[in-house]
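Just so you know, all these numbers are worked out from the coordinates, no wet-lab data involved. Because the structure is predicted, anything quoted here is derived from the model rather than measured. Note that each Cβ is placed from the backbone with ideal geometry, even for glycine, and that neighbours are counted across all protein chains shown.
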Amino acid sequence: MAAANHYELLEVPSEASTQELRRAFRSLSKRYHPDTTELPEDEAREAFRRLQQAYLTLSDPERRRSYDATLRGTLRVVLPQPSVRTAPKPVPVRRPLSGGEWFALLLLVLAVAFSLVLGVGLAWSRGVEFLKPPSWVAAGGQTEASSPLLVDVGSAATSDPAVQPPSAGSGALAG
């Protein structure tokens, strides 16, 4: 795994494209990764670290130009400058509403108001109580026996013969 430069380490020519670099790195990383190789662990770690360093250097265009210049010997004494990358400005989440959005909101508010007026108006015209307690709430301390809302279904069914279903044998259901 001893190589004179990053290109030899990745086993690619110096004019290799980004895709070729990536393909070479992936295949070699499978070979030298400490979890997948049969090399001793320390040797595999060192080889994989050098492989990663070579790929990171050659995959970044600015670093690659600098590295190529050092290989050619044209770079004098230049200290490596950290690349300062500014994060892109986040897109503002809040923005003013457009005219169409205001119109849609107006239509929505008018539809809700019209529905409310229509519902309340129909209920009022039919004489429906607006504030009526639910049937499962015992009204004002009444017990189950004294509540007018509760009806004993068993006694009503036996006392009124009109409510009784016809017996099965009387021929009421002629097929």
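Look at (1) within 34 Å of the chain's Cα centre (by Cα); (2) without any contact (Cβ under 8 Å) to a residue 12 or more places away in the chain; (3) closer than 18 Å to ASP68 by Cα and you find that ARG23 fails only one, number (3). Would you point out the residue of region 38-63, among those that are farther than 17 Å from ALA24 by Cβ and among the hydrophobic types (A, V, I, L, M, F, W, C), that is surrounded by the fewest Cβ atoms within 10 Å (Cβ to Cβ)? Going through the qualifying residues, I end up with LEU39. Among the residues of region 29-50, the ones that are over 21 Å from TYR67 (Cα atoms), in a helix (DSSP H, G or I) and either hydrophobic (A, V, I, L, M, F, W, C) or touching a Leu at 6+ places or on another chain (Cβ under 8 Å) (or both) come to 3 in all.
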